[in-house]
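Working notes, structure below.
The values are calculated or read from the model by the stated rules, or taken from the named source; none is laboratory data. None of the values given here were measured: they were computed from a predicted structure. Every residue, glycine as well, gets a Cβ built from its backbone with ideal geometry; the counts of neighbours run over all protein chains shown. Each accessible area value is taken on the protein alone, full model and side chains, heavy atoms only, with ligands, DNA and RNA left out. Shrake-Rupley method; radii C 1.70, N 1.55, O 1.52, S 1.80 Å.
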Amino acid sequence: MNHKAKPKGSLVAALDIGSHKIACFIGRTVDESGGVEILGVGYQASKGIKGGTVVDLSAAEATIRQTVNTAENMALDAMKGYPLRDVVINIPGVHAKSHLLSADIQIHGHEITDNDVRRALSKAQDQVLSPDYELIHTIPVDFKIDGHEGIRDPRGMVGKSLEVGIHMVTADLGPLENFAEGIERSHLDVDSLCVSSYAAGLSVLAEDEMDLGCTVIDMGAGVTSIAVFQGGHMIYSDHVPIGGWHVTNDIAKIMTCSTADAERIKTLYGSAIVSGNDDNELIDIPQIGAVDKHNANNVPRSQLIAVIQPRLEEILDMVRARLEENGFFGIGRRVVLTGGASQMQNIMELTEHVLDKRVSQGRPIRLYSLPDAVSGPAFATTAGLLVYLTQRQDEMPAEIMASVTPGTLWERVKYWWKENW
Ligand SMILES: Nc1ncnc2c1ncn2[C@@H]1O[C@H](COP(=O)(O)OP(=O)(O)OP(=O)(O)O)[C@@H](O)[C@H]1O
Ligand SMILES: [Mg+2]
């Protein structure tokens with residue numbers, strides 16, 4: 001498909017609302033093919049968000065505001081004093097659902113155009129419209145002309161009928177409205193939305209991986225999001241409602257320490273697999289409520305890992321089950337693990353063992369001038385939101401709708417948003 005690019009020099013901004021951190025990237029497009037240079041970044045520990053859901057609107061709003069301010073200050077010169085307005089935001093996997101359908105249209109023997117494809121997509125969109133959820137992505141994944149399969153791009157070809165296989169992603173309206181409210185209160189407009197795992201995949205996968213078949217697992221704090229890619233498209237998305245936060249919580253409960261200490265101990269000494277020396281290495285675990293520092297509890301590192309490993313195995317077993325149940329486990333031999341919780345020592349080995357695939361860690365590769373502090377796997381989704389915004393506009397339902405409905409483009413987009421928000 002032909003991706004409509006933003007003009008060179010456009011300012012673009014992303015807001016990634018996670019359960020652990022909220023992050024904002026401001027960038028500028030540097031070419032017509034969607035390359036983005038980063039001008040400003042901000043991130044803060046998340047407040048008011050749990051498991052991908054807003055639980056305290058004013059706390060979330062305050063954190064969003066501070067995060068955006070930091071990014072704006074860094075990008076001050078390029079923004080010429082104008083405050084940030086439009087942002088692309090993430091939809092956590094817990095609120096999203098994949099729908100796989102197809103749509104047929106009659107071509108009557110003429111050459112297939114962009115508009116025919118959009119007509120088919122728009123027809124499919126009508127099938128999923130519902131008052132309970134919002135359509136987020138409409139991705140054409142395969143084409144058939146007069147029943148012949150395996151057509152990658154039908155444009156320019158002739159035939160009587162065109163069938164398009166489509167992957168659509170919807171998001172539950174309630175949680176989405178709370179997200180939108182938090183953002184609007186911060187004086188920002190939601191320009192577009194992208195499922196977290198899709199964004200993660202767009203920023204960490206090489207073209208070949210997207211093409212040949214690859215599963216991306218974005219292990220965050222409250223949610224582990226999954227996206228399966230093949231033929232250059234996301235063909236399925238799913239999630240498991242458990243992440244790094246649950247590991248920390250297990251440590252705090254079982255080792256009777258505060259969650260802050262559990263978090264620190266996890267990142268410093270944690271591992272997904274026990275190794276030979278772990279019985280001999282002792283870790284100080286400050287006991288909850290203990291005033292005396294000497295009252296720390298010395299436990300072998302192996303005991304800490306014995307708390308961590310089963311939880312991570314549970315997450316990965318659930319990921320495998322979701323993929324198997326839905327028929328996507330067999331797609332590709334590769335898994336790319338990303339997200340903050342993918343930084344756990346030895347997690348690649350554990351994932352290889354549970355999923356029986358080749359596993360590597362993914363970090364954002366598609367943006368220019370990304371500061372080191374935000375170039376790790378925890379920022380894969382944030383970075384990918386900008387890639388989505390600049391390179392995948394033709395998968396946005398509003399754009400598709402706009403191109404087949406009369407009126408000026410701006411009127412149609414406005415109409416669509418008004419109807420749907
Ligand atoms: N070095 C590390 N080892 C293990 N876990 C880590 C490490 N660094 C961060 N984490 C974990 O990563 C998680 C945060 O990841 P991330 O920033 O991707 O989450 P998020 O995007 O805010 O959350 P979500 O996507 O689930 O809403 C936390 O649970 C944190 O404990
Ligand atoms: Mg996340």
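Worth pointing out:
- Filter result (without any contact (Cβ under 8 Å) to a residue 60 or more places away in the chain and open to solvent by 50 Å² or more (accessible area, probe 1.4 Å)) within segment 325-360: E325, G327, G330, E352, H353, D356, R358
- Selection within segment 70-94: residues that are outside any helix (DSSP H, G or I), over 17 Å from I17 (Cβ atoms) and not hydroxyl-bearing (S, T, Y). The member of this set that is modelled with the highest pLDDT is A75.
- For G93, the conditions (1) over 18 Å from S186 (Cβ atoms); (2) open to solvent by 10 Å² or more (accessible area, probe 1.4 Å); (3) within 16 Å of ligand 2 (Cβ to nearest atom) all hold with the exception of (2).
- The residues on offer are R320, R366, and the sole one that is at pLDDT 95 or above, surrounded by fewer than 21 Cβ atoms within 10 Å (Cβ to Cβ) and basic (K, R) is R320.
- Some residue of segment 97-114 being assigned to a helix (DSSP H, G or I) and either open to solvent by 90 Å² or more (accessible area, probe 1.4 Å) or more than 30 Å from G156 (Cα to Cα) (or both): no
- Any chance A71 is of a type in the set (A, V, I, L, M, F, W, C) and open to solvent by 40 Å² or more (accessible area, probe 1.4 Å): no
- Here F379 meets the list (1) modelled with pLDDT under 95; (2) of a type in the set (F, W, Y); (3) within 22 Å of the chain's Cα centre (by Cα) almost entirely, failing just condition (1).
- When each of K8, K47 is tested for being basic (K, R) and within 16 Å of ligand 2 (Cβ to nearest atom), the lone residue that passes is K47.
- Within segment 327-347, tally of residues that are within 16 Å of ligand 1 (Cβ to nearest atom) and either farther than 24 Å from P92 by Cβ or part of a strand (DSSP E or B) (or both): 5
- Verdict on D191 being of a type outside the set (S, T, Y), within 30 Å of I347 (Cβ to Cβ) and in contact (Cβ under 8 Å) with a residue 24 or more places away in the chain: no
- Residues satisfying the stated conditions in segment 137-172, i.e. hydrophobic (A, V, I, L, M, F, W, C) and in a strand (DSSP E or B): I139, V141, F143, I145, I151, V158, L162, V164, I166, M168, V169, A171
- Of all residues in segment 95-124, those that are within 30 Å of G51 (Cβ to Cβ) and not assigned by TED's automatic domain parsing to the domain that holds D238 have Cβ atoms under 7 Å from Cβ atoms of residues that are modelled with pLDDT under 90 and open to solvent by 40 Å² or more (accessible area, probe 1.4 Å), 6 or more apart or on another chain, in L101/Q127.
- M210 meets all of the listed conditions (1) crowded, with 17+ Cβ neighbours inside 10 Å; (2) in contact (Cβ under 8 Å) with a residue 24 or more places away in the chain but one, namely (2).
- Subset of segment 1-50 that is more than 16 Å from V374 (Cβ to Cβ) and of a type in the set (K, R) - its residue that is farthest from the chain's Cα centre (by Cα): K8
- Members of segment 188-207 found to be at pLDDT 90 or above and either in contact with a Lys or Arg (Cβ under 9 Å, 6 or more places away or on another chain) or part of a loop (DSSP other than H, G, I, E, B) (or both), listed by number: L188, D189, C194, Y198, L202, S203, V204, L205, A206
- Residues in segment 1-36 that are open to solvent by 50 Å² or more (accessible area, probe 1.4 Å) and in a strand (DSSP E or B): L11, R28.
- Matching residues in segment 223-282 - criterion: being open to solvent by less than 50 Å² (accessible area, probe 1.4 Å), under 30 Å from E324 (Cβ atoms), more than 16 Å from ligand 2 (Cβ to nearest atom) and assigned to a loop (DSSP other than H, G, I, E, B): G231, G232, G270, S271, A272
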